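Right, one structure below, let's go through it.
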Amino acid sequence: MTDNRFVNRSELIGILLLAVFLVVILPLCLDVFRLNLVAKYLTYAFVALGLVICWGYGGILSLGQGVFFGLGGYCMAMFLKLEASSVENTKIQSTPGIPDFMDWNQITSLPLFWKPFHSLSFTIAAVILVPGIFALIIGAAMFKRRVGGTYFAIITQAVAAILTILIVGQQGYTGGINGMTDLRTLKGWDIRPDHAKIVLYFFEVGCLFVCIFIAQFIRHSKLGRILVAMRDKEDRVRFSGYSVANFKIFAFCVAAIFAAIGGAMFALNVGFMSPSFVGIVPSIEMVIYTAVGGRLSILGAVYGTLLVNFAKTSLSESFPELWLFGLGGLFIAVVLAFPNGLAGIWGDYVHPRIDRLINSSKPKSGDGWTDSSVADGAPAE
Amino acid sequence: MLIGHKPKEFLLAVEALTVSFDGFKAVNDLSFYVEENEIRVIIGPNGAGKTTVLDLICGKTKATSGSIQFHGQELTKLKENQIVQAGVGRKFQTPSIYDDLTVFENLEISFPRGRTVFGALTFTRDTIVRDRVHEVAEMIFLKDRLNMSAELLSHGQKQWLEIGMLLIQDPELLMLDEPVAGMSVSERVKTAELLNRIIKDRSVLVIEHDMKFVEDIAHKVTVLHQGQILSEGTMDHVKNDPKVIEVYLGH
Amino acid sequence: MFGDYSIGDLGSIFVMQGFAGLILFSVYVLMALGLAIIFGQMGVINMAHGEFMILGAYVTWMTSNLFQSYLPGLFGGYFFLAMILAFFASGALGMLVEWALIRHLYKRPLDTLLATWGLSLILQQAYRSIFGAREVGVELPQWMLGSLRVTESIEVPINGAFVMALTLLITMAVAYIMYKSRWGRQVRAVVQNRIMAGAVGINTEKVDRYTFGLGCGIAGVAGSAFTMIGSTGPTSGQLYIVDTFLVVVFGGAASLIGTIASAFSISQTQSTLEFFMSGSMAKVLTLLAVVGILMLRPQGLFALKVRK
């Protein structure tokens with residue numbers, strides 16, 4: 001890997017294949033209901049993508065990505081909710097013009113922090129900035145004091161717990177356990193009918209590819225290599241003149257912002273937002289998407305997310321008991337047997353065989369899925 | 001000795017340095033001075049505090065009291081990466097390299113440019129970087145292994161790689177912690193040759209047990225014992241110091 | 001928020017809430033002890049710890065059912081047998097898990113976290129399949145019902161007092177095992193220098209397995225105690241896991257005293273705050289305070305300063 005371009009040829013092929021799959025094959029093969037389901041799964045792919053940078057490359061395991069997914073999602077949902085709560089839509093309420101759950105909780109005027117969410121441009125900025133700044137604060141507080149590894153993971157769990165309790169407890173301001181439901185229009189454009197769902201799907205896929213390219217750029221920059229170096233020998237990086245904390249904060253913020261974009265897409269595509277996507281359990285589940293795809297593989301994160309969620313939907317529809325056994329087993333298997341996930345299986349078994357079959361002159365090392373570097377989870381000892 | 005002199009001409013001035021771990025003083029009221037282009041070797045029995053002294057200078061361990069001045073700049077107040085940027089390089093006892101990266105990438109990361117987050121994002125691998133990496137790789141006998149994963153190098157080659165990483169960093173003060181430990185005889189000879197070449201034009205602080213090696217390179221030797229200086233001077237002076245003989249042979 | 005109460009009222013509130021907090025404290029300590037042994041001594045984060053506790057609770061429930069059906073005359077004493085069974089059931093499962101899973105992951109703490117989370121999901125579903133999704137409660141023997149009158153205005157429920165006494169006993173036993181017994185010395189030797197401990201003839205693999213088993217066994221006993229004050233469901237354990245981790249981390253991972261002190265301060269803060277605001281806000285404030293303090297002092301309250 002001596003060249004410095006941010007996408008090499010085989011990676012480009014991989015990205016194109018994914019694009020064909022998401023833009024052509026899936027929309028042609030699936031009905032709108034199923035396509036919307038894919039859209040919902042893909043919102044998690046943003047989180048998984050962020051975790052590739054933060055956990056796969058940087059070695060920083062955050063078990064609280066639901067927090068950022070939630071913050072992004074709630075910012076978007078607040079805008080949509082306000083639009084849905086126009087005075088004429090809510091004239092049966094005792095206070096018309098405020099969201100229904102506020103009215104139910106005897107709140108008579110819109111709280112101050114809700115007011116800016118009347119503006120779409122403010123909302124879009126907030127989707128990025130609120131989680132970004134929150135991640136910056138947590139990251140700075142932890143990484144500057146050299147808290148990392150399992151401690152950091154536990155703290156992010158605690159943050160996820162705190163935010164969930166807060167959202168559920170303050171139902172007058174947040175909609176409580178039910179979340180924000182009944183989201184209808186975006187600037188007057190109805191987001192509920194089938195054609196809107198299709199447009200939103202393509203919009204989401206577009207955003208996903210933007211994030212994939214950003215991730216590619218980071219990975220192939222020197223910063224990407226510093227993250228790998230840091231994961232391996234933090235002290236050496238420090239004594240080569242880098243501020244390790246700043247690089248960790250950056251990786252954590254990128255992961256947070258990706259997750260937040262996913263959350264905002266969720267509010268748009270699925271039409272509601274609730275605390276059940278914020279807490280400890282969903283946050284850890286999001287890590288498994290990355291792990292299944294291969295923690296070092298940018299495209300693997302997307303495939304891993306889709307695969308786990310398809311399995312979840314089909315298994316939990318027909319055999320609900322089996323699903324938890326399956327998910328639990330997946331956590332263990334992916335850690336013990338396949339630390340590099342699907343991408344590792346592809347790189348180790350499938351790709352070399354295809355190569356041998358075609359017997360082409362293309363060297364094996366340049367495949368687009370895997371990185372030549374080994375995960376910190378590779379069988380050690 | 002030069003106590004009482006204004007230590008202005010010194011590159012590194014360590015004064016009254018003390019560090020204690022739960023009451024145990026690993027380094028106790030230590031003072032010494034290193035001049036520009038001087039090669040200083042620190043010797044002493046195990047547990048004398050040698051590695052701790054290097055840890056204190058490079059900021060890995062925070063001093064309890066005392067001062068470390070480098071070019072007149074107080075190092076005890078700086079963070080590790082700032083100390084590196086001030087011109088201090090450190091090689092660890094066990095080879096500390098990045099196993100997951102190639103030899104080229106290992107060297108490139110140590111190249112002193114683009115050390116901020118933004119700088120690292122926009123860093124480009126231009127001809128200056130390439131030439132410098134190739135130049136250093138040649139010096140450390142790894143020219144034909146640039147695209148190899150560093151994990152696959154032998155122990156001695158890993159030591160050379162780390163020395164190379166320091167070299168590309170181009171520090172004014174180079175600190176080496178047992179650079180020939182664990183090496184085969186032929187590697188040892190090559191390393192001595194390498195060190196002799198790279199210690200020109202800079203000051204070097206070396207910890208080493210190999211007395212033959214010490215004699216070869218040292219301008220001046222400092223003997224540490226229980227966190228304090230036992231003796232200091234030329235190799236001959238130190239070798240004949242009765243206190244040193246007592247510590248080394250008396251136990 | 002204190003404005004509406006006189007000083008005398010406040011005193012009573014603190015005493016009353018203090019007792020409520022002591023029961024929470026006992027659960028925290030029992031949960032945290034096992035976790036602290038495993039995390040502090042081995043550096044392993046066991047996300048399935050809550051499920052080991054719940055196993056102990058189910059064992060206790062089954063024992064009480066057996067006594068009710070076959071030995072009603074001895075029902076008053078079932079708890080003591082149940083506790084021992086719970087210890088061995090959870091301990092045995094723990095040793096099995098260490099052998100099958102944990103020992104492959106000692107150098108990968110983050111992966112251990114994920115693997116044990118997977119284990120916790122499997123155990124939860126296993127409990128649901130075996131015992132049903134509904135929460136079960138044990139029937140307390142006659143002598144544990146009612147309360148002790150301490151003074152005119154203060155009453156202590158007997159089951160609460162019993163759990164506290166039990167906590168005290170287990171804590172002392174753990175302290176003895178870890179700091180006074182030969183085996184505890186071996187564990188600490190392995191923690192400090194694994195290679196050297198192996199070289200002087202300590203079987204480090206065996207020490208690891210038994211340490212993990214001990215931690216899980218204590219969780220089982222915690223589960224026994226837990227049935228005295230709450231009902232047991234497949235996911236009851238999960239509710240406590242993050243809180244308990246915060247207790248362990250807050251106390252400074254390797255310190256027994258620290259664990260107890262931090263369990264005490266966290267449980268007391270929470271139960272005192274609960275009187276002034278809703279339970280959820282009290283929890284938010286408590287967790288925020290703990291996280292805030294951990295950011296200022298990441299090594300915990302009682303960590304020693306040592307050379308790394």
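Of the conditions (1) more than 14 Å from chain B (Cβ to nearest Cβ); (2) assigned to a helix (DSSP H, G or I); (3) buried (at least 24 other Cβ atoms within 10 Å of the Cβ), A:Leu82 clears all except one; give me its number.
(3)
If we only count helices (runs of 4 or more DSSP H) wholly inside segment A:242-353, which ones have 3 or more residues that are surrounded by fewer than 24 Cβ atoms within 10 Å (Cβ to Cβ) and either modelled with pLDDT of 95 or more or not hydrophobic (A, V, I, L, M, F, W, C) (or both)?
A:244-270, A:298-318, A:320-336
Output the residue which, of all residues in segment C:69-102 that are free of Cβ contacts under 8 Å to residues at least 60 places away in the same chain and of a type in the set (Phe, Trp, Tyr), is surrounded by the fewest Cβ atoms within 10 Å (Cβ to Cβ).
Only one residue fits best here, namely C:Tyr70.
Could you give every pair whose Cβ atoms fall below 6 Å, whose first residue belongs to segment B:43-60 and is at the interface with another protein chain (Cβ under 10 Å from one of its Cβ atoms), and whose second residue is in a helix (DSSP H, G or I), counting only separations of at least 6 or pairs across chains?
Qualifying pairs under 6 Å: B:Cys58/B:Ile83; B:Gly59/B:Glu80; B:Gly59/B:Ile83.
Test of understanding: among B:Phe32, B:Phe118, which residue is among the hydrophobic types (A, V, I, L, M, F, W, C), over 14 Å from the mean Cα position of the chain (by Cα), more than 8 Å from every other protein chain (Cβ to nearest Cβ) and under 18 Å from B:Arg202 (Cα atoms)?
B:Phe32
Which condition number in (1) under 29 Å from C:Asp243 (Cβ atoms); (2) more than 14 Å from chain C (Cβ to nearest Cβ) is the one that A:Val281 fails?
For A:Val281, the exception is condition (2).
Can you find a residue in segment A:173-181 that is out of contact with any Leu (no Cβ under 9 Å at 6 or more places or on another chain), part of a helix (DSSP H, G or I) and more than 30 Å from A:His118 (Cβ to Cβ)?
No, there is no match, as no residue in segment A:173-181 is out of contact with any Leu (no Cβ under 9 Å at 6 or more places or on another chain), part of a helix (DSSP H, G or I) and more than 30 Å from A:His118 (Cβ to Cβ).
So B:Asp100 passes all but one of these: (1) out of contact with any Ser or Thr (no Cβ under 6 Å at 6 or more places or on another chain); (2) surrounded by 18 or more Cβ atoms within 10 Å (Cβ to Cβ). Which condition number does it fail?
(1)
Quick check on segment A:115-129. Is at least one of its residues within 14 Å of chain C (Cβ to nearest Cβ), polar (S, T, N, Q) and either touching a helix residue (DSSP H, G or I) at 6+ places or on another chain (Cβ under 8 Å) or in a helix (DSSP H, G or I) (or both)?
No - not one qualifying residue is present in segment A:115-129.
Scan segment C:270-282 and give yes if some residue there is under 27 Å from A:Ala140 (Cα atoms) and surrounded by fewer than 22 Cβ atoms within 10 Å (Cβ to Cβ), otherwise no.
Yes, segment C:270-282 has at least one match.
Tally up the residues in segment A:247-273 that are within 14 Å of chain B (Cβ to nearest Cβ) and either without any contact (Cβ under 8 Å) to a residue 60 or more places away in the chain or over 18 Å from A:Ile218 (Cα atoms) (or both), please.
1
Which residues, taken from segment B:133-150, are in a loop (DSSP other than H, G, I, E, B), hydrophobic (A, V, I, L, M, F, W, C) and within 14 Å of chain A (Cβ to nearest Cβ)?
Once the filter is applied, which keeps residues that are in a loop (DSSP other than H, G, I, E, B), hydrophobic (A, V, I, L, M, F, W, C) and within 14 Å of chain A (Cβ to nearest Cβ), segment B:133-150 yields B:Leu146, B:Met148.
Please work out which one of (1) in contact (Cβ under 8 Å) with a residue 12 or more places away in the chain; (2) among the aliphatic types (A, V, I, L, M); (3) assigned to a helix (DSSP H, G or I); (4) within 26 Å of C:Met281 (Cα to Cα) is the condition A:Ile165 fails and give its number.
Of everything listed in (1) in contact (Cβ under 8 Å) with a residue 12 or more places away in the chain; (2) among the aliphatic types (A, V, I, L, M); (3) assigned to a helix (DSSP H, G or I); (4) within 26 Å of C:Met281 (Cα to Cα), A:Ile165 misses just condition (1).
Just name the residue that is surrounded by the most Cβ atoms within 10 Å (Cβ to Cβ) out of those in segment C:106-119 that are within 7 Å of chain A (Cβ to nearest Cβ) and out of contact with any Phe, Trp or Tyr (no Cβ under 9 Å at 6 or more places or on another chain).
C:Leu113
Within the set of pairs 6 or more residues apart or between chains, which connect a residue that is in contact (Cβ under 8 Å) with a residue 40 or more places away in the chain and more than 11 Å from B:Thr64 (Cα to Cα) inside segment B:11-28 to a residue that is surrounded by fewer than 16 Cβ atoms within 10 Å (Cβ to Cβ) and hydroxyl-bearing (Ser, Thr, Tyr) with Cβ atoms less than 9 Å apart?
B:Ala13/B:Ser67; B:Val14/B:Ser67; B:Glu15/B:Ser67
So if I check each of A:Ala135, A:Ala141, which one is touching a residue at least 12 places away in the same chain (Cβ under 8 Å), in a helix (DSSP H, G or I) and under 27 Å from the mean Cα position of the chain (by Cα)?
Only one candidate qualifies: A:Ala135.
Quick one: in segment B:65-87, which of the residues that are over 15 Å from the mean Cα position of the chain (by Cα) and part of a loop (DSSP other than H, G, I, E, B) is nearest to the other protein chains (Cβ to nearest Cβ)?
Once the filter is applied, the top-ranked residue is B:Lys79.
What are the residues in segment B:211-251 that are surrounded by 19 or more Cβ atoms within 10 Å (Cβ to Cβ), part of a strand (DSSP E or B) and free of Cβ contacts under 8 Å to residues at least 60 places away in the same chain, if any?
Scanning segment B:211-251 gives a single hit, B:Ser231.
Would you point out the residue of segment C:42-68, among those that are under 30 Å from C:Leu105 (Cα atoms) and more than 14 Å from chain A (Cβ to nearest Cβ), that is surrounded by the fewest Cβ atoms within 10 Å (Cβ to Cβ)?
C:Tyr58
Could we say that B:Val103 is more than 8 Å from every other protein chain (Cβ to nearest Cβ) and either in contact (Cβ under 8 Å) with a residue 12 or more places away in the chain or under 17 Å from B:Val204 (Cα atoms) (or both) here?
yes
For segment A:216-233, enumerate the residues that are outside any helix (DSSP H, G or I) and either touching a residue at least 24 places away in the same chain (Cβ under 8 Å) or more than 9 Å from every other protein chain (Cβ to nearest Cβ) (or both).
A:Ser221
Give A:Val199, A:Val210 a once-over and let me know the one that is away from chain C (no Cβ under 13 Å), closer than 29 Å to A:Gly59 by Cβ and either out of contact with any helix residue (DSSP H, G or I) (no Cβ under 7 Å at 6 or more places or on another chain) or not in a helix (DSSP H, G or I) (or both).
A:Val210
Does any residue of segment B:88-97 turn out to be surrounded by fewer than 22 Cβ atoms within 10 Å (Cβ to Cβ), at pLDDT 90 or above, under 29 Å from B:Leu56 (Cβ atoms) and under 21 Å from the mean Cα position of the chain (by Cα)?
Looking for residues that are surrounded by fewer than 22 Cβ atoms within 10 Å (Cβ to Cβ), at pLDDT 90 or above, under 29 Å from B:Leu56 (Cβ atoms) and under 21 Å from the mean Cα position of the chain (by Cα), one finds none in segment B:88-97, hence no.
Scanning for something within 30 Å of A:Val20 (Cβ to Cβ), more than 14 Å from chain C (Cβ to nearest Cβ), of a type outside the set (S, T, N, Q) and assigned to a helix (DSSP H, G or I), does segment A:185-195 turn up at least one residue?
Scanning segment A:185-195 turns up at least one residue that is within 30 Å of A:Val20 (Cβ to Cβ), more than 14 Å from chain C (Cβ to nearest Cβ), of a type outside the set (S, T, N, Q) and assigned to a helix (DSSP H, G or I).
Taking the condition hydrophobic (A, V, I, L, M, F, W, C), in a helix (DSSP H, G or I), within 14 Å of chain C (Cβ to nearest Cβ) and over 13 Å from A:Tyr289 (Cβ atoms), does A:Val38 pass?
So A:Val38 fails the test.
The values are calculated or read from the model by the stated rules, or taken from the named source; none is laboratory data. Since the structure is predicted, the reported quantities are computational estimates derived from the model, not experimental observations. Cβ sites come from the backbone with ideal geometry, for glycine too, and all protein chains shown count toward neighbours.
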